[in-house]
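Peer 1: Take a look at this one; I'll ask things after.
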Amino acid sequence: MKFEHLYKPIVINGMISKNRIVAAPTGDDYDEKAIGGAGIVIGGHAIVQYGKSSFASGVESDAFSKYEVEKTVERVRKIHAGGAKASIELIHSGRYARVLDYAMGPNDEVRDDGFEIKAMDEAMIQEVCEAYAEVAKNAMDVGFDMIFLHFGHGWLPAQFLSPLFNKRDDEYGGSLENRMRFPKQILEMIRKKVGPNFPIDMRISAYEWVEGSIEFEDVKTFIKEVEHLIDTVQVSAGLDINLEGNVHCVTTNFIEHMPNVKWAQEVKKEVSIPVSVVGAVLSPQEADDLIKEGKVDLVAFGRSFIADPNWANKAMEDKDEDIAPCLRCMHCYHIATNHKNVACSVNPRFMNESFIPRDVPTAKEKKKVVVIGGGPGGMKAALTSSQRGHDVVLFEKENELGGQLRFVKKEHFKQDARRYLEYLQAQIKKSNIDVHMNTEVTPEMVKELHPDALIIAVGAYELTPPIPGIDKPHVMSGTQAIQKEEEIKGNVVVIGGGTVGAEIALEQSLIHNNNVTIVEMGVELAPQGNKLYKIGLRQTMEQCTTLTALLETSCLEIKDDVVVVKDKDGNIQELPADYIIISTGLRAKSDLAKSFYGITPNTTMIGDCVRPRLILEATFEGHAIALNI
């Protein structure tokens with residue numbers, strides 16, 4: 001076994017887990033994660049107090065109430081049916097709770113949404129501690145093997161611990177000893193209620209990533225203070241509702257892999273209980289190395305198991321090349337998209353479980369399927385069609401599959417996209433798909449194959465705006481710039497500040513130390529990006545000392561050594577430019593795509609040739625269309 005350390009069993013207060021893999025409480029398909037091989041599955045959450053603790057709704061039901069408890073027991077059974085240990089997250093949102101009247105927190109405040117936050121007095125504190133203990137006991141009584149206490153990410157216990165939130169001047173505020181008092185009381189009450197032999201896990205943010213927050217040394221002190229009350233601790237980082245900290249809680253592609261390990265390994269040095277880490281541990285090799293090197297005892301996975309619920313089984317079977325990797329695109333996170341486009345870029349089933357089956361069904365009738373274009377959408381369409389048993393022919397005009405991913409993979413902040421391309425290429429290589437590379441297919445060629453179904457995924461091309469001087473030798477497209485990134489030196493002007501242009505500019509400044517200016521006609525950079533992506537982009541750009549963005553500014557002319565631009569007020573300036581990179585978007589190859597219609601009635605366009613969009617749409621369309629052939 002390649003990853004033997006990850007698959008060693010571990011005992012936590014008498015409970016044995018078959019491996020060191022924890023499925024974090026993301027998504028609702030607990031059974032898929034258990035069947036997929038995780039040792040411990042956290043089966044969603046349970047609120048602590050009805051009407052006062054939910055982050056979703058003021059009327060969210062108590063998971064253990066009369067008319068909800070059967071559903072909660074079903075979570076346990078689903079997890080146990082997959083061979084995993086069942087845990088449940090206990091959460092109180094405190095000042096951030098969705099409420100009908102008022103919220104509770106460390107201090108008297110009025111929230112931005114107008115709701116009152118009442119400072120918790122002794123009676124409220126006692127009430128909350130008792131509520132925590134009662135829910136913990138209920139979880140134990142219905143069959144959960146352990147509980148998972150969320151003391152991080154800015155929820156109620158963290159609100160008392162962190163001076164960012166806690167401004168009290170009584171025995172619950174001020175000094176660290178006082179700020180620890182309420183969270184410790186919660187744990188004492190829970191332990192008294194469930195007894196000494198029921199495993200308790202606690203998640204905590206080692207660093208909140210917002211100025212004025214709790215320092216790591218204080219977090220470490222708290223963990224040691226309550227070590228005797230818990231059985232394992234999970235180290236995370238960041239905040240949830242505060243979006244500046246959220247992008248360090250659920251990391252974007254701009255943050256390195258495994259950012260929380262540096263804190264988790266420091267915690268492990270000072271406690272005797274098992275320590276787990278969560279946050280962008282994305283590959284089995286990364287996870288196995290952490291266990292092997294003694295940095296942590298367990299590893300928790302959130303988005304990775306959304307991307308591929310069978311992650312753990314594939315790693316156990318040494319099939320890590322078959323794991324669909326998380327892109328850290330943030331679309332699976334409702335906060336990023338305001339609920340408008342919640343989905344997974346690499347797992348079309350996520351959020352579509354009602355009509356996308358878990359397993360690809362064998363087709364009732366074997367057909368010939370022709371796919372034109374080997375980008376992510378075309379590859380996914382070809383793979384799903386092949387898995388269904390169809391005869392599949394895939395045409396690609398270049399010498400490498402991948403479409404735009406062929407260029408994206410070369411960018412510094414796109415290592416996760418590179419892993420996805422490698423995954424798709426590996427799956428194609430192992431399939432029975434008849435792949436024709438370096439082939440610019442024509443309608444006549446397709447007609448000769450007599451296809452039963454035709455999927456057109458010919459993509460899009462880069463726009464070239466009508467700017468005087470755009471044909472000069474020091475002007476290049478975005479894809480050319482990515483290919484020549486090491487050659488570009490000096491003053492760089494990027495025309496177009498969409499996601500591609502912005503990341504090219506960021507890399508040229510931060511990684512290659514060039515003096516870079518972005519010229520963008522719109523009012524913001526990366527308008528196509530979701531909310532969290534844009535925050536991550538901005539925070540990373542703030543690290544640059546040689547990057548300037550000119551918004552609401554247009555390019556009038558390109559000269560030999562300058563670019564002439566005009567701002568919204570009509571002011572004209574000349575920007576020094578040794579290299580000019582044009583990144584003004586894509587245009588769908590719709591005319592090319594339409595030329596293939598009429599060959600077979602079962603013809604569909606997918607991906608960028610419909611209109612330039614995301615990997616998410618291309619992957620979903622390719623898979624979903626192929627499921628219905």
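The values are calculated or read from the model by the stated rules, or taken from the named source; none is laboratory data. The shown structure was predicted, so the numbers you read here are calculated from the model rather than taken from an experiment. Please note: Cβ atoms are built from the backbone with ideal geometry, for glycine as well, and neighbour counts cover all protein chains shown.
Peer 1: Give, as residue ranges, the strands (runs of 3 or more DSSP E) completely inside segment 56-131 that count at least 1 residues that are more than 27 Å from the chain's Cα centre (by Cα) and either small (Gly, Ala, Ser) or over 21 Å from residue 169 (Cβ atoms) (or both).
Peer 2: Hits in segment 56-131: 102-105, 116-119.
Peer 1: Oh, and also: Identify all residues within segment 589-626 that are among the hydrophobic types (A, V, I, L, M, F, W, C) and assigned to a loop (DSSP other than H, G, I, E, B); write none if there are none.
Peer 2: 596, 599, 606, 610, 614
Peer 1: Would you point out which residue out of 73, 128, 99 is of a type outside the set (Ser, Thr, Tyr) and surrounded by fewer than 20 Cβ atoms within 10 Å (Cβ to Cβ)? Full working, then the answer.
Peer 2: Working: 128 fails: surrounded by fewer than 20 Cβ atoms within 10 Å (Cβ to Cβ); 99 fails: surrounded by fewer than 20 Cβ atoms within 10 Å (Cβ to Cβ).
Result of the check over 73, 128, 99: 73.
Peer 1: In addition: How many residues are of a type in the set (S, T, N, Q) and either touching a His at 6+ places or on another chain (Cβ under 8 Å) or touching a residue at least 12 places away in the same chain (Cβ under 8 Å) (or both) when one looks only at segment 126-160?
Peer 2: 2
Peer 1: Can I ask one more? Restricting to segment 558-601, name every residue that is charged (D, E, K, R), under 25 Å from residue 527 (Cβ atoms) and in contact (Cβ under 8 Å) with a residue 24 or more places away in the chain.
Peer 2: Initially, segment 558-601 is screened for residues charged (D, E, K, R), giving 559-561, 566-569, 574, 578, 587, 589, 591, 594.
Pick out the ones that are also under 25 Å from residue 527 (Cβ atoms) and you get 566-569, 587, 589.
Passing the criteria: 587, 589.
Peer 1: Further, regarding this structure: What's the total number of residues in segment 288-343 that are farther than 17 Å from residue 423 by Cβ, of a type in the set (Val, Ile, Thr) and either in a loop (DSSP other than H, G, I, E, B) or assigned by TED's automatic domain parsing to the domain that holds residue 22 (or both)?
Peer 2: Of the residues in segment 288-343, 4 are farther than 17 Å from residue 423 by Cβ, of a type in the set (Val, Ile, Thr) and either in a loop (DSSP other than H, G, I, E, B) or assigned by TED's automatic domain parsing to the domain that holds residue 22 (or both).
Peer 1: In segment 282-301, what count of residues is obtained for those that are among the small types (Gly, Ala, Ser), on the phi < 0 side of the Ramachandran plot and surrounded by fewer than 24 Cβ atoms within 10 Å (Cβ to Cβ)?
Peer 2: Number of matching residues: 1.
Peer 1: Exposed (fewer than 14 other Cβ atoms within 10 Å of the Cβ) and touching a strand residue (DSSP E or B) at 6+ places or on another chain (Cβ under 9 Å): which single residue out of 269, 366 fits that description?
Peer 2: 366
Peer 1: Also, I was wondering about something else. Which of (1) more than 21 Å from residue 337 (Cα to Cα); (2) assigned by TED's automatic domain parsing to the domain that holds residue 418; (3) in contact with a helix residue (DSSP H, G or I) (Cβ under 9 Å, 6 or more places away or on another chain); (4) not hydroxyl-bearing (Ser, Thr, Tyr) does residue 611 not meet, given it meets every other one?
Peer 2: The failed condition is (1).
Peer 1: Determine whether segment 144-162 contains at least one residue that is of a type in the set (A, V, I, L, M, F, W, C), surrounded by 24 or more Cβ atoms within 10 Å (Cβ to Cβ) and more than 23 Å from residue 222 (Cβ to Cβ).
Peer 2: Scanning segment 144-162 turns up at least one residue that is of a type in the set (A, V, I, L, M, F, W, C), surrounded by 24 or more Cβ atoms within 10 Å (Cβ to Cβ) and more than 23 Å from residue 222 (Cβ to Cβ).
Peer 1: Do we find that residue 506 is aliphatic (A, V, I, L, M), in contact with a Cys (Cβ under 8 Å, 6 or more places away or on another chain) and over 14 Å from residue 578 (Cα atoms) in this structure?
Peer 2: Answer is yes for this residue.
Peer 1: Checking the structure you have, find out if any residue of segment 143-160 is farther than 23 Å from residue 12 by Cβ, touching a Lys or Arg at 6+ places or on another chain (Cβ under 7 Å) and not polar (S, T, N, Q).
Peer 2: For segment 143-160, residues farther than 23 Å from residue 12 by Cβ, touching a Lys or Arg at 6+ places or on another chain (Cβ under 7 Å) and not polar (S, T, N, Q): present.
Peer 1: Right, here's the next one. Picking from 171, 188, 177, which residue would you name as being outside any loop (DSSP other than H, G, I, E, B) and either outside the structural domain of residue 125 (by TED's automatic domain parsing) or over 25 Å from residue 143 (Cα atoms) (or both)?
Peer 2: 177
Peer 1: When residues of segment 1-46 are filtered for being under 30 Å from residue 98 (Cβ atoms) and crowded, with 24+ Cβ neighbours inside 10 Å, how many remain?
Peer 2: 12
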